[in-house]
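The values are calculated or read from the model by the stated rules, or taken from the named source; none is laboratory data. What you see is a predicted model; the values in this text were computed from it and never measured. Cβ sites come from the backbone with ideal geometry, for glycine too, and all protein chains shown count toward neighbours.
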Amino acid sequence: MKNLKQIYIVFIALVLITACSDDFVYVDSEDKNSEDYFNSEQDYQDALVAAYDYLQTTSRFVQWAEVASDNTLAGGESATDTPALQQIDDMIHSEVGQFGGGTLGQMWQWMYEAINRCNYIMEFQGKEDAIDFPNKTSVIAQTRFLRAYYNFILVKWWGDVPMIEDKRIRFGDQFEIDRTPKAEVYDLIERDLIFAAANLPYVQNETGRVTKGAAQALLGKVYLYQDKFTESASVLEDLINNGPHRLLTTAEYPNMFERDWENNIESVFEVQYSDVDGGSYDCFQCLEGNYAAFFNGPRGFVDSSGLFDAGYSFNVPVQEVVDAFEEGDIRLEYSILDIKKWIEDHPGSTYDETAGYEQTGYFNRKIMARKGDLNNPDAALTNPDNYRAIRYADVLLMAAEANRKKPTPDDIKAQYYLNQVRRRAFGEPLDATAPQIHDITSTGENLYNAILKERRVELVGEGHRFFDLVRTGRAAQEIDGFQSPKNELFPIPIEEILLTGNRWEQNPGY
Amino acid sequence: MRHILLNVLAFFFIAYTSAQNVNLSGTVQDEGGMPIPGVNVIVKNTTKGSVTDFDGNFTISDVEIGSTLTFSYVGYVTYEVVIANGNDMAIVLQEDVAQLDEVVVIGYGTQTKKEITGAVSVVSNETIEKLKPTRIEQALQGQVAGVNITANSGSPGAGSTISIRGVSTNGDSRPLILVDGNVVEDLSVINPADIESMNILKDATAGIYGVRAANGVILITTKTGRKEMPLTIEYNGYMGFQQTTRKMPVLNATEYALIINEAYAAGGSTPPFSDVTNLGAGTDWQDEIFQTAPIQNHNISLRGGKEKSSYSYSGSFLTQDGIVGGKKSNFTRFTNQLTYNLDFFENFKFKSGVTLTRTNSKGLPENALGSVLFNALNIPPTLSVTDENGDYTLAEGVGAEVINPAAQISNTYNRNKIMKLYGFAGISYNFLKNFTAEANYQWNYSEVSSYSFSPIVFYGVGKVFNIDRNSVFEGFNIFRDYTFDGFVKYENTFNDEHKLNVLLATSVFKTTGVFAGRIGRDIRDNSLAFATVDEAREQENIYEELGRNPTFDARTLSYFTRVQYDYKGKYLFSAVVRRDGSTRFGPENKFGYFPSGSIGWVASDEDFLIDNNFFDLIKVRASYGILGNDRIGDYRFVSLLNGEGTYFFGGNNREDEYFGTASGPIANPEIKWEKQKTIDIGLDLRFWDNKIDITTDYFKKRTEDLLVSPAITGLLGTGAPPFVNAGVVENEGIEFAIGYSDNFSDNFKFSVKYNVTAIKNEVVEVSGDGEYLEGGGFGISQPAISRMEAGYPLGYFVGYKTDGIFQNQSEIDNAAVGEVAPQPGDFRFVDQNGDGVIDLDDRVNLGNPLPAATMGMNISFDYKNWDFAAYAFASLGNEIVRNYERNQQLVNKPNFYLNRWTGEGTSNTDPRVSIGPSANTVFSDFYVEDGSFVRLQNAQLGYTFSNKADSKFQKFRVYISGQNLFTLTEYSGYDPTAGTGAPIGGGIDQGFYPSAATYLLGVNLKF
């Protein structure tokens, strides 16, 4: 009986005691808390890698901007494949139907994630108790370049955009942030790039890192977009005169967009892609590959030469851009693939001619999947082909334009920079002092037109054309269906306006 | 009740008139003539008694004539007989079919059916035995009013979605399922034959489970031995085969070629088939893919007990091939269960059980673009399965996703193995007469190892399923959890009138796990023989490399109390309060209180009704409570650095890869429990000598502070949207169940049961005005078609309404059209807002995947040695989206295209065919079908051999059984019963793996 009593006392005690205290349900995750980070250089470096990561999402902007321009059609499988893109191609896009996967809304979201990642570093590096280390300035300079790169995309596409400086946008903040005037966004972009240019070297130990040249080139471009031609000419010429870059030679040019020539001497800033990881449609922003490379290729293409993969026939160049190339321009062959000619030249090659929507027979060869990669699944999403975001040729053409347009134009310089690019294209010696056959000798407005025309053919397929037309006021005359000023900016998806408290004005005309 | 009174009166009468003692002996048998061992035979109001032996014999000496003998045995109606003489007795006990004193498990206790004040349904082991489910969800389908089961696939071992009284959240709406008190999420590991009963708590009664109760609670009790039970060995087994229930009518080769030619001509291209004369019927790809697949199941059990202990062992083996892929979609399960109960003392008892389960399942791609059945429907019938060399034919020219399904099956190698060990141990102690203290510990341990090998394979040019680099994946995840329940009960009856029952309890739950996964690439010889990560040339550890935490730890801590009171068994009252704390919520909202209560009135016990000759029971019940739901991910209240952020410096090879740090899902520090306010009013009736039994309930569940993961602005980035408490969903409905059972004679018994549930689901609010959440894909790159939006049912379909077909150009010229200019033969879409343009604003509600009503019906009768049972269920008013047409130029089509528009006046329902641009493939009501169905799920005919005196068997029965025998439906897809169960995006059919028709031959043996 005594035993029994003990048992039941123990038992009752057990019942009451096991009822552990409330501490039982206070457990920390083994993942790091984002508010308790930046305690070492490694933390900063790791956060910076994540900020670079979103450069890879910009291939969508490149592809869609090209489709929006007069260079290419949307293509794809059918008239109803990716409606948001088909509408942009036809300039009938609106604030409706641009939210979620495969829309402008998703691209908007990617850029804000990217900027949030930059601002995460900026927020903590500025705190009083932030740690210091020798490479910190470099980390901050790279971060600020990236923030400028992303903000520049936002401001080009949407104009006035919501922005906070040096602070993440966190849950709840979205109801308080207004659209920041374009001028203020540009102001931050300029400050970021000036800081980056002042604090980064022309040559980094690792390719893919932001350099001084990248910052200067982007700054020159940003000035150009604001018609600040003097400042633009100045920073671009600093880069031309002091930077390590040069044009590839005519002989080298055919390799420009090939894999073995990634991060070449002409490439001032390049977005890095890789094929080592798999990827899926569930998370486009998680891809390490360049999806656009596969999406731009011909359907059912079997290339007997072994160079190209097949693709999904998006972003197909029109006859008009092919015709824009002059006779003897070596760039045409390496910019635009004429599929019928290729098949003729490479017996045994075939492609699916009837498949695909609004096919022209031309494909964007600069960003088209090559064979020989690892093809980790999904093979359409894991192409390792880098995007040459800023090439030295672009820098020269921008310098030409800035010199032509600055208050005291320097047409001689403008001709010189322009003709460098042209001589390379036509196989003429770059350093010859004597005039060459294809040199442009005109001045004034004719020279300006020649520079813009040259930009189109030099940079076709690289996503610059649409914004060149917009910033030079020529979009309405060149792009079918383009209404000015409405289509100079893209609409903010209606859902974005509603989900932030219905406070923002839509861009005019939408 | 009246009978007992009469008996008691008779007893007194006889007791006073005689006083002579006799020695009694006899046998106790069941209705089938089988002896029942272990029956308690007691002389009423004395301590004198005996137990029947192995052959059902008993003897009791010195029994007074006129005294009453009671024969009681679990599962049988207690039988009483007044002793008139000393003759041998032959007692037949009747099986207890839903008696009022049947014990129902209600969570931390039991009540009799009569005492219950909540909406609780029971599925007994008899039902499970009749249905022969391979998974226990199948035994719930149509059996219980208010419970809806949607099979996620007909693939062997595939799971189902269980929803109790409607879908009330767009998140995880699974009910809490406890097997002997143990939380079990994956029901594939449970052997249905081990189950004694399933009790479904549908209303506020579930409030005893507090924060986890809002989606309902299913309490599963497994079989165990009984005290004083001689060793009983049972063998139950069946073997059979399975076949598809349906083949979809698609075009044969000649029809296909003609229609493709027409489509090319309409699109301005050269028709691809110049000569169609010799094509014939071509390949029937569905015949190539579907096969007859075997299934077999064996169960053996040993049960027994001694004076103070009982034990049981049960072992089972199930193996089932798939009707698609055969062994490539095999499911095999071994289970072993052991239980042991011991009474140390009269008032100190111990119970325990342990189960070891192994499952091995293989699967094929299903219900997706490019899945096996999707391919079988879309691949041209002009292609043969293999070419002249015996290699699989390449499916060229039919788009990137459609491949040869036979090749696909042969190149699929995967398996998922689960080893699960779980058990329970408990002690209970009675003290101070009215108190019981009980402590129960339940634990689970499981190892899930998954394997897949993707060999280098080429299905045709540009196919997304081509693999240029082979790889092998090996995953190994460990899950552990435990639940500790400790409680003290006080039970007393005052003045024979006031019965009081008080429970004070605590419950602790902790679940943890570790994940591991490795990928190996470049497998030697592209051969399965070398396909392991260890042997691969390149190896990658997915968790190590990313530096992510591969573990989880989630806990709840609960205190609760329940008071049950009744007055004379007529006025019933029960109240529960529970306090729960969960690691899923932040410091501000970690703890929540969940009150619930219920009342009942047994009107038939009132004086004015007690003497009526018709009603055996009239009971009115009502319950109300606030229940919680915490089924969201862990740590969603705090921002963690577990996002993806990878980049490459210095090259694009493996060694150049940098893994950065980024925040993961977006945090909301203020998240708290979802609250469900649920009301239930019920009426239970039994009449005509308990032959008719009616249960009917009205319920309304209003879920507030819904934990939704809403659409959020892109400003917050790409992290998974935070959970917010923003939304209200209502489910209102009625349930009605009626049963009739009668024993017309010893030779003929009959019973029929029917239940129906009607539910109206409405989303009242979703995080602010004019907002909706969307999901569910259709076709390629089309906008999402399913929505959760205020004023509509959860997950309704949004799309264009068609208004016939444009017959000529002038009709088009006078109509609103969209972006893609229509031609005669294309759909005319309704311009809902009358703005003259067809655009996204013209999309409207095209139906929803939720059934308006579901019902089930069981019929069974026994005639002499024969027994027959049949069971059917139905679902009415649910829509299904047909999404298995690929719409590429050269793919095959359903045969309704034979009725297509071919010129003015030819069709106003089916559009023309063309490879040119058209909006006919855009989601519209053309793709929405009525998914209502009635299915005869089971029919079984058995024969029990009469028990001979010298027989070795207590029972020997053979039966044939058919499952899923036929389905009445207008739905044109494979299987209207299937669905993904996704609250938003459910009901979209991309080629469901249909549930098979199964034919079984089985035997039941009892030694």
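At-a-glance table
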read-out: Region B:925-946, subset more than 30 Å from the chain's Cα centre (by Cα) and surrounded by fewer than 19 Cβ atoms within 10 Å (Cβ to Cβ), residue nearest to residue B:777 (Cα to Cα); value: B:943
read-out: Residue tally, condition buried (at least 24 other Cβ atoms within 10 Å of the Cβ) and either free of Cβ contacts under 8 Å to residues at least 24 places away in the same chain or among the small types (Gly, Ala, Ser) (or both), over region B:965-978; value: 2
read-out: Failed criterion for residue A:496 (all others in (1) outside any loop (DSSP other than H, G, I, E, B); (2) buried (at least 23 other Cβ atoms within 10 Å of the Cβ); (3) out of contact with any Ser or Thr (no Cβ under 7 Å at 6 or more places or on another chain) hold); value: (3)
read-out: Complete set of residues in region B:866-903 that are over 17 Å from residue B:927 (Cα atoms) and at pLDDT below 90; value: B:889, B:890
read-out: Residue match in region B:861-868 (condition: within 14 Å of chain A (Cβ to nearest Cβ) and either surrounded by fewer than 20 Cβ atoms within 10 Å (Cβ to Cβ) or hydrophobic (A, V, I, L, M, F, W, C) (or both)); value: no
read-out: Looking only at region A:129-159, and only at residues there that are among the aliphatic types (A, V, I, L, M) and surrounded by 20 or more Cβ atoms within 10 Å (Cβ to Cβ), the one that is farthest from the chain's Cα centre (by Cα); value: A:140
read-out: Unmet criterion (only one of (1) under 23 Å from the mean Cα position of the chain (by Cα); (2) part of a loop (DSSP other than H, G, I, E, B)) for residue A:509; value: (1)
read-out: Filter result (surrounded by 23 or more Cβ atoms within 10 Å (Cβ to Cβ) and outside any loop (DSSP other than H, G, I, E, B)) within region A:277-320; value: A:291, A:292, A:293, A:294, A:295, A:308, A:314, A:315, A:316, A:317
read-out: Residue match in region B:800-812 (condition: surrounded by fewer than 18 Cβ atoms within 10 Å (Cβ to Cβ) and either in contact with a helix residue (DSSP H, G or I) (Cβ under 8 Å, 6 or more places away or on another chain) or in contact (Cβ under 8 Å) with a residue 60 or more places away in the chain (or both)); value: yes
read-out: Unmet requirement for residue A:417, which otherwise passes all of (1) at the interface with another protein chain (Cβ under 10 Å from one of its Cβ atoms); (2) crowded, with 20+ Cβ neighbours inside 10 Å; value: (1)
read-out: Candidates B:603, B:505 - the one that is without any contact (Cβ under 8 Å) to a residue 40 or more places away in the chain and of a type in the set (A, V, I, L, M, F, W, C); value: B:603
read-out: Check on residue B:215, in contact with a strand residue (DSSP E or B) (Cβ under 7 Å, 6 or more places away or on another chain), under 30 Å from residue B:699 (Cα atoms) and either assigned to a loop (DSSP other than H, G, I, E, B) or of a type in the set (Ser, Thr, Tyr) (or both); value: yes
read-out: Selection from region B:883-939 of residues that are among the polar types (S, T, N, Q), part of a loop (DSSP other than H, G, I, E, B) and away from chain A (no Cβ under 13 Å); value: B:883, B:892, B:902, B:906, B:907, B:908, B:909, B:932
read-out: Lone qualifier among B:459, B:451 - being aromatic (Phe, Trp, Tyr), more than 10 Å from chain A (Cβ to nearest Cβ) and in contact with a Gly (Cβ under 9 Å, 6 or more places away or on another chain); value: B:451
read-out: Near pairs, Cβ below 6 angstrom, 6+ apart or cross-chain, from region B:473-488 (within 9 Å of another protein chain (Cβ to nearest Cβ)) to any residue that is among the aliphatic types (A, V, I, L, M) and in a strand (DSSP E or B); value: B:484/B:508; B:486/B:439; B:487/B:503; B:487/B:505; B:488/B:437; B:488/B:504
read-out: Answer from B:208, B:220, B:190 - the residue that is over 18 Å from the mean Cα position of the chain (by Cα), under 24 Å from residue B:484 (Cβ atoms) and not hydroxyl-bearing (Ser, Thr, Tyr); value: B:208
read-out: In region A:79-96, the residues that are hydrophobic (A, V, I, L, M, F, W, C) and in a helix (DSSP H, G or I); value: A:84, A:85, A:88
read-out: Region A:18-37, residues that are more than 7 Å from chain B (Cβ to nearest Cβ) and either buried (at least 22 other Cβ atoms within 10 Å of the Cβ) or part of a helix (DSSP H, G or I) (or both); value: A:23
read-out: Some residue of region A:160-169 being assigned to a helix (DSSP H, G or I) and modelled with pLDDT of 95 or more; value: no
read-out: Strands (runs of 3 or more DSSP E) within region B:778-820 that include 2 or more residues more than 14 Å from chain A (Cβ to nearest Cβ) and on the phi < 0 side of the Ramachandran plot; value: B:796-799, B:802-805
read-out: Test: residue in region B:590-599 that is hydrophobic (A, V, I, L, M, F, W, C), at negative phi and either at pLDDT 95 or above or touching a helix residue (DSSP H, G or I) at 6+ places or on another chain (Cβ under 6 Å) (or both); value: yes
read-out: Residues within region A:211-241 that are among the β-branched types (Val, Ile, Thr), out of contact with any Ser or Thr (no Cβ under 9 Å at 6 or more places or on another chain) and either within 29 Å of residue A:158 (Cα to Cα) or within 14 Å of another protein chain (Cβ to nearest Cβ) (or both), tallied; value: 2
read-out: Residue in region B:727-736 that is within 24 Å of residue B:982 (Cβ to Cβ) and either at pLDDT below 90 or within 14 Å of another protein chain (Cβ to nearest Cβ) (or both) present; value: yes
read-out: Test: residue in region A:354-367 that is farther than 30 Å from residue B:820 by Cα and acidic (Asp, Glu); value: no
read-out: Members of region A:75-110 found to be facing chain B (nearest Cβ under 7 Å) and at positive phi, listed by number; value: A:82, A:97, A:100, A:102
read-out: Matching residues in region B:643-661 - criterion: being hydrophobic (A, V, I, L, M, F, W, C) and modelled with pLDDT of 95 or more; value: B:648, B:649
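Let's see how each residue does on (1) more than 28 Å from residue B:842 (Cβ to Cβ); (2) surrounded by 24 or more Cβ atoms within 10 Å (Cβ to Cβ); (3) at pLDDT below 95:
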position: A:56; (1), (2), (3): yes, yes, no
position: A:59; (1), (2), (3): yes, yes, no
position: A:74; (1), (2), (3): no, yes, no
position: A:91; (1), (2), (3): no, no, no
position: A:101; (1), (2), (3): no, no, yes
position: A:116; (1), (2), (3): yes, yes, no
position: A:122; (1), (2), (3): yes, no, no
